[in-house]
Amino acid sequence: MGKIVEFKNVNKTYKSGSEIIYASKDLSFSIEEGETCLILGPSGSGKTTALNLLGGMDYPTNGEIKVDNYNLEKLPSKELTLFRRNHIGFVFQFYNLMPNLNALENIELATELNKKNALDSKTVLKLVGLEDREKSFPSQLSGGEQQRVSIARAIAKNPNILLCDEPTGALDYNTGKQIFKIIFNLVKQEHKTLVVVSHNVVLKDVFDHVIYIHSGSVSKNEYNDNPLDIDSLIW
Ligand SMILES: Nc1ncnc2c1ncn2[C@@H]1O[C@H](COP(=O)(O)OP(=O)(O)O)[C@@H](O)[C@H]1O
Ligand SMILES: [Mg+2]
């Protein structure tokens with residue numbers, strides 16, 4: 001065990017006319033290996049920006065980002081692509097599945113890119129309870145089922161870190177709970193580090209670590225010694 005993620009004084013700025021917007025501002029935090037971590041903040045607080053920087057989707061304007069022993073701000077873009085491919089699983093709010101590929105093919109597309117460590121596509125589809133739907137296309141699946149395919153796709157690459165950006169934001173309450181149960185079960189079973197981004201404060205009690213962000217900066221860090229079970233939540 002040790003730190004798997006370390007942000008040190010990270011800034012990410014965008015120009016809007018003559019104005020400079022700080023999407024991340026002097027952002028510093030760390031995440032322990034194997035932890036379940038929630039990044040919590042209102043809309044526009046810089047959550048997606050932080051997650052994309054952590055996942056090597058983008059470079060910071062300045063500052064240091066260390067993930068899985070890579071200094072991301074120093075990696076050339078080709079190496080950053082490889083880092084992302086081999087070390088990170090992504091789950092997005094709107095699933096981002098390929099509409100012309102069926103459930104199994106969507107997963108195989110991801111494992112094709114990381115053959116080295118990849119898990120068997122059919123096995124992971126079973127892990128999310130969709131073994132009977134491998135031939136279904138995204139348009140034939142409910143939102144919850146599509147999100148389960150996207151979780152299977154993220155896990156199939158066998159990454160060390162699973163990143164989820166508002167993973168239940170487009171789902172109803174019960175389906176959202178079911179999705180979180182699947183995510184938590186999978187990361188425990190496969191010994192992954194989990195980072196979820198959300199604006200839903202209710203979630204704070206089920207994670208080991210909660211990082212509150214406001215205006216691109218950390219406003220508070222909290223740790224739960226005994227995180228609650230997802231089943232006990234009401235929102
Ligand atoms: N590509 C971009 N260009 C300009 N502004 C951006 C861009 N991405 C994010 N921002 C701005 O940065 C701030 C943080 O955005 P974001 O990280 O998406 O917040 P959150 O995910 O918490 O809603 C917002 O003010 C947003 O408008
Ligand atoms: Mg966002």
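The values are calculated or read from the model by the stated rules, or taken from the named source; none is laboratory data. Source: prediction; values computed, not measured. Reconstructed Cβ throughout: ideal geometry from the backbone, glycine too, with neighbour counts over all protein chains shown. Keep in mind that these areas ignore ligands, DNA and RNA; they rest on the heavy atoms of the full protein, side chains included. Shrake-Rupley method; radii C 1.70, N 1.55, O 1.52, S 1.80 Å.
Residues of region 1-37 falling in the label zone of S219, defined by backbone nitrogen less than 13 Å from a point 7 Å along Cα to beta-carbon, are absent.
What's log10 of I(q)/I(0) for region 73-226 at q = 0.08, 0.09, 0.10 Å⁻¹, Debye sum over Cα points only, no solvent? Computed log10 I(q)/I(0) values: -0.23, -0.30, -0.37.
Taking 0.36 nm per residue of separation and subtracting the current Cα-Cα distance, fully stretching the chain between E79 and E32 would add 14.6 nm. Its Cα centre serving as origin, region 77-235 has a Cβ charge dipole (Lys and Arg +1, Asp and Glu -1) of approximately 460 debye. How far apart, in nanometres, would the label points at L109 and F94 be if each is projected 7 angstrom from Cα along the Cα-to-Cβ direction? Spacing of the two 7 Å Cα→Cβ label points: 1.5 nm. Heavy atoms of the protein chains alone define the surface here; on that basis region 1-108 has 50 Å² accessible area per residue at 1.4 Å probe size. Go through K25/K157; K3/K177; K66/K181; K126/K188; K25/K78 and tell me which ones have a Cα-Cα distance over 21 Å in this structure. Going by Cα-Cα distance, K25/K157; K3/K177; K66/K181; K25/K78 fall outside the 21 Å limit.
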